[in-house]
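Q: Take a look at this one; I'll ask things after.
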Amino acid sequence: MRSRCLALSLYFSAALLSGCATSTVTNPVTGLQERTVMSVASEIAEGKKGHAQVLQEYGVYPDAKLQAYVNDIGQRLASQSERSELEWHFTVLDSPEINAFALPGGYVYVTRGIMAYMDSEADLAGVIGHEIGHVTARHGAQRATRQQTAGLSVLAATLLGVALEGAGVPGAGRVVGQVSQGVAAGYIASYGREQELQADQLGAEYLSRSRYDPRNMVDVIKVLKNQERFADDLARAEGRTPSPHSNWLASHPSNDQRLEEITQIANGYQGTYLDDSRNRYLKAINGMTYGESPEQGLTRGQNFYHEELGIALTAPAGWKIQNSKEAITLVNAEGAAGLVVKLVPAKAGSSHAEIVRNVLAPISGRVEPLTLNGLSATHVVGVRSDQQGQPQSFEATIVSGPGAQNYLLGYVSKDAQALRRAYRQMREAEASFRALTAADRAAARPWVIKTVPYPGGPGGGFASLAKKSPLAQAAEQQLRLINGVYGGGEPKPGQLVKVVE
Ligand SMILES: [Zn+2]
């Protein structure tokens, strides 16, 4: 759950609703004339507006040195592009999501999540070069034009897709941080295959002009494919159905054909390339946050800590914690019942009585005052009207948390039996709601990427690094994954590798 205010972004609305005015521009990449609803000036204006929304939704990763490093790589690549005259912006977003995307006009983003999987500066340059390609070839503007031409049905479908993503579905089994977000979801979801291929080609070209080996594009795709495989393997090992991926690869044609095409493009280049790209990269990301950040809330074992909101929760044994932008949900092992914890917006009222009236709106019920770890709370069991006007029984607790914020703890279940079976543990979960204690604060330390020489010999290897790692699940496989040897293979003893501390 994020405390930032989040607005669903209807990014295209300005361009689309401004009428059918089209003009003609010369595509900087192809040199061909194309009809467009987005002039270069409006491309830049739209990009700038979207940029503010992206920063608000994701947050900027707070490390000026890393930002400068990534910006420097981006600027060098962009200066070799067909649109070097644009004012380019490269930003590392504070998100564990594995993603990269661009907005029209010269705005390019990589998450720290995707950076953890890159193994060299050239890998990162491959991802950035691809995104620069979308901008230089005006893919965003082309899509805006296509959508306007196609009419309102396409627009409605696009916006509905974004709305569904934005709404989030408690208990839907989404992994933390993998929910595609407003602006980005609108942008990354629907480039055509041809545009992706063109972005790959352009990316390879910019890499080569900047003395990076274009074959790194191929490595990036392979590593990210392994990440998907790992997520699926883990889901199956836990008896879950693998959820659809919403990372960078998922929004890009990730089939073997793309890999083949990129390999072909990359093999077409010959040259001498920078060879210290790996060491420089590993040095740059040393100390970078890995996984959830304190601003979004951290899950550690059965505990959830949210530093910014100043709250903590403990899930009953066997329960899972799901954290999304909208809510924290503690779900029981069978996935049939849970406790949904949400922030109550200030406009819903300040007293519990007001909130009960405005948010829960019971037709009938009983109200019982409670104290949860020193915080005043109101427990409500009652009946309310659902959206169809049908009576619906509900149970919820309103708590006055730290910082004059009110929280709604809602009991959700598949059916009445599931609620009965889970009831004792629901109350237990609810009773764990607390203001962060000193011990909680100490436990809420984010994980970071560190680089160490690979320990060879007997008793060494990734198994020994996994033993020292705080990663709770499949630590050895996760370390192999971020080091590009998920399927097998060993680094040389003494070679620098990434670990999570
Ligand atoms: Zn792309």
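Readers should treat all values here as calculations from the given coordinates under stated rules, not as data from a laboratory. Since the structure is predicted, the reported quantities are computational estimates derived from the model, not experimental observations. Don't worry about glycine lacking a Cβ; one is built from the backbone with ideal geometry, like all the others, and counts go over all protein chains shown.
Q: At 7 Å along Cα-to-Cβ for each site, give me the label-to-label distance between Lys492 and Ala474 in nm.
A: A separation of 3.0 nm, rounded to one decimal place.
Q: Can you sort Thr36, Thr22 from fewest to most other Cβ atoms within 10 Å of each residue's own Cβ?
A: Values: Thr36 22, Thr22 14.
Result, fewest neighbours first: Thr22, Thr36.
Q: List every residue whose amide H lies under 5 Å from the amide H of Asn406, counting only residues 5 or more places away in sequence or on a different chain, with H placed 1.01 Å from N in the peptide plane.
A: Answer set, sorted by chain and number: Val344, Gly401.
Q: Quick one: which residues, 5 or more positions from Gly484 or on another chain, have an amide H under 5 Å from its amide H? H modelled 1.01 Å from N in the peptide plane, none for Pro or chain starts.
A: none
Q: Give me the one-decimal nm value for the distance between modelled label points at Tyr423 and Ser79, 7 Å along each residue's Cα-to-Cβ direction.
A: Here the modelled spin labels are 7.0 nm apart.
Q: Step through the table entries Lys225/Lys450; Lys49/Lys342; Lys65/Lys225; Lys467/Lys498, compare each Cα-Cα distance with 19 Å, and write down the pairs that go over it. Before the final figure, lay out the partial values.
A: On the way: Lys225/Lys450 23 Å; Lys49/Lys342 29 Å; Lys65/Lys225 29 Å; Lys467/Lys498 14 Å.
Flagged as over cut-off: Lys225/Lys450; Lys49/Lys342; Lys65/Lys225.
Q: In what order do Ser400, Ser464 fall by count of nearby beta-carbon atoms within 10 Å, going from fewest to most?
A: Details: Ser400 19, Ser464 15.
Listing Ser400, Ser464 from fewest to most nearby Cβ atoms yields Ser464, Ser400.
Q: At 0.36 nm per residue, and after removing the present C-alpha to C-alpha distance, how many nm does the segment from Ala237 to Arg280 gain when stretched out fully? Show your work: numbers first, answer last.
A: Values: separation 43, 0.36 × 43 = 15.48 nm, distance 3.63 nm.
Residue separation times 0.36 nm, minus the Cα-Cα distance, leaves 11.8 nm.
Q: Let me ask something else about it. Using a 10 Å cut-off on Cβ atoms, rank the peptides 419-429, 201-211, 349-359 from the highest mean neighbour count down. Spell out each step's value before the answer.
A: Details: 419-429: 17.7, 201-211: 22.3, 349-359: 16.0.
Per-residue Cβ counts within 10 Å, averaged per peptide and sorted highest first, yield 201-211, 419-429, 349-359.
Q: Does region 454-500 come out rounded, prolate or oblate, given a ≥ b ≥ c as the square roots of the eigenvalues of its C-alpha gyration tensor, rounded meaning a/c under 1.5 and, failing that, prolate meaning a/b above b/c? Could the numbers behind the result be given before it?
A: Details: a/c = 1.70, a/b = 1.26, b/c = 1.35.
Here region 454-500 falls in the oblate category.
Q: Under the 0.36 nm per residue contour assumption, what length would be gained going from the current alpha-carbon distance of Arg300 and Glu194 to full extension? Display every interim value, and only then the final one.
A: Details: separation 106, 0.36 × 106 = 38.16 nm, distance 4.29 nm.
Gain in length upon complete extension: 33.9 nm.
Q: Moving to a separate point now. Report the full-extension gain for the segment Ala353 to Arg366: residue separation times 0.36 nm, less the Cα-Cα distance, to one decimal in nm. It would help to have the intermediate numbers written out before the result.
A: Values: separation 13, 0.36 × 13 = 4.68 nm, distance 1.21 nm.
Net length gain for the segment: 3.5 nm.
Q: Moving on to the next point. First measure r as the distance between the Cβ atoms of Asn71 and Thr437, then evaluate 1/(1 + (r/R0)^6) with R0 = 45 Å and state the FRET efficiency to the nearest 0.05.
A: Numbers: r = 39 Å, r/R0 = 0.88.
It comes out at approximately 0.70.
Q: Need one word for region 298-442: rounded, prolate or oblate. Basis is the Cα gyration tensor (sqrt eigenvalues a ≥ b ≥ c); a/c below 1.5 gives rounded, then a/b vs b/c decides. Don't skip to the end; give the middle numbers.
A: Values: a/c = 1.86, a/b = 1.21, b/c = 1.54.
Since a/c reaches 1.5 but b/c is at least a/b, the shape of region 298-442 is classed as oblate.
Q: Next question, about the same structure. I want to make sure I understand the PRE zone here: with the label point 7 angstrom from the Cα of Ser385 toward its beta carbon, which residues in region 348-367 have backbone N atoms less than 15 Å away?
A: Only 358-364 pass the distance filter.
Q: Oh, and also: Can you compute the modelled spin-label distance between Ser23 and Ala41, with each label point 7 Å from Cα toward Cβ, in nm?
A: It is 0.6 nm.
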